[in-house]
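The values are calculated or read from the model by the stated rules, or taken from the named source; none is laboratory data. The structure presented is a predicted model; accordingly, all values stated were derived computationally and were not measured. Methodologically, a virtual Cβ is constructed for each residue, glycine included, from the backbone with ideal geometry; neighbour enumeration extends over all protein chains shown. Keep in mind that these areas ignore ligands, DNA and RNA; they rest on the heavy atoms of the full protein, side chains included. Shrake-Rupley method; radii C 1.70, N 1.55, O 1.52, S 1.80 Å.
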Amino acid sequence: MAMQFSHVAISCKDPIAVERFYSKHFGFERARVIPLGDEQIVFLKAGNVYLELFQAHGDSPVGDAEKDGPGHPAWRHIAFQVNDVDAKLAQMGADAQVTQGPMSFDAFIPGWKTVWVSDPNGNIVEISQGYTDQENPPALVSN
């Protein structure tokens, strides 16, 4: 059986604000709601990508992420490709809480441009244009 990506789960301070953010700016729609007593788990879907939203309990012991995400062992950020980073930021308006960038990475890939924003939960979201895979990437070498 072939493997396919399943989902990213997010513990949310405000699940409704997080759902609105990803629905409004990245095209996610509700795919399933699972009631759990006084709470619910909400699955959002955009294409073949799912987000699973949980109600958080308590505050983060490390605070909100900054710039392009945490430097300690953790998931650093979630990323989406768009046709035009500047147009996406303009479309997002005040919802685009930029934490770093926009930055050009033309030295690596001509046309690659990225900006990082914070979602309503304080998670970092990378919005990028122009990324392409490398032909014949080098093999993994242990340090």
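A single member of D59, D68 is under 19 Å from F21 (Cβ atoms) and part of a loop (DSSP other than H, G, I, E, B), and it is D68. Of all the criteria given as (1) within 13 Å of the chain's Cα centre (by Cα); (2) more than 21 Å from Y131 (Cα to Cα); (3) modelled with pLDDT under 95; (4) surrounded by 15 or more Cβ atoms within 10 Å (Cβ to Cβ), the one not satisfied by H77 is (2). When V42 is tested against (1) out of contact with any Leu (no Cβ under 6 Å at 6 or more places or on another chain); (2) without any contact (Cβ under 8 Å) to a residue 40 or more places away in the chain, just one condition goes unmet, and that condition is (1). Filtering region 110-143 to residues that are over 19 Å from L53 (Cα atoms) and either open to solvent by 100 Å² or more (accessible area, probe 1.4 Å) or in contact (Cβ under 8 Å) with a residue 60 or more places away in the chain (or both) leaves P110, Y131, D133, Q134, E135, N136, P138, L140, V141, S142, N143. Considering S11, S6, the condition of being in contact (Cβ under 8 Å) with a residue 24 or more places away in the chain, loosely packed, with under 15 Cβ neighbours inside 10 Å and small (G, A, S) is satisfied by S6 alone.
Considering only region 129-143, state which residues are under 30 Å from D95 (Cβ atoms) and either touching a helix residue (DSSP H, G or I) at 6+ places or on another chain (Cβ under 7 Å) or modelled with pLDDT under 90 (or both). Answer for region 129-143, where residues must be under 30 Å from D95 (Cβ atoms) and either touching a helix residue (DSSP H, G or I) at 6+ places or on another chain (Cβ under 7 Å) or modelled with pLDDT under 90 (or both): just Q129.
Within region 86-103, is there a residue that is touching a helix residue (DSSP H, G or I) at 6+ places or on another chain (Cβ under 7 Å), modelled with pLDDT of 95 or more and exposed (fewer than 12 other Cβ atoms within 10 Å of the Cβ)? No: zero hits. Among the criteria (1) open to solvent by less than 60 Å² (accessible area, probe 1.4 Å); (2) over 12 Å from the mean Cα position of the chain (by Cα), the one E39 does not fulfil is (1).
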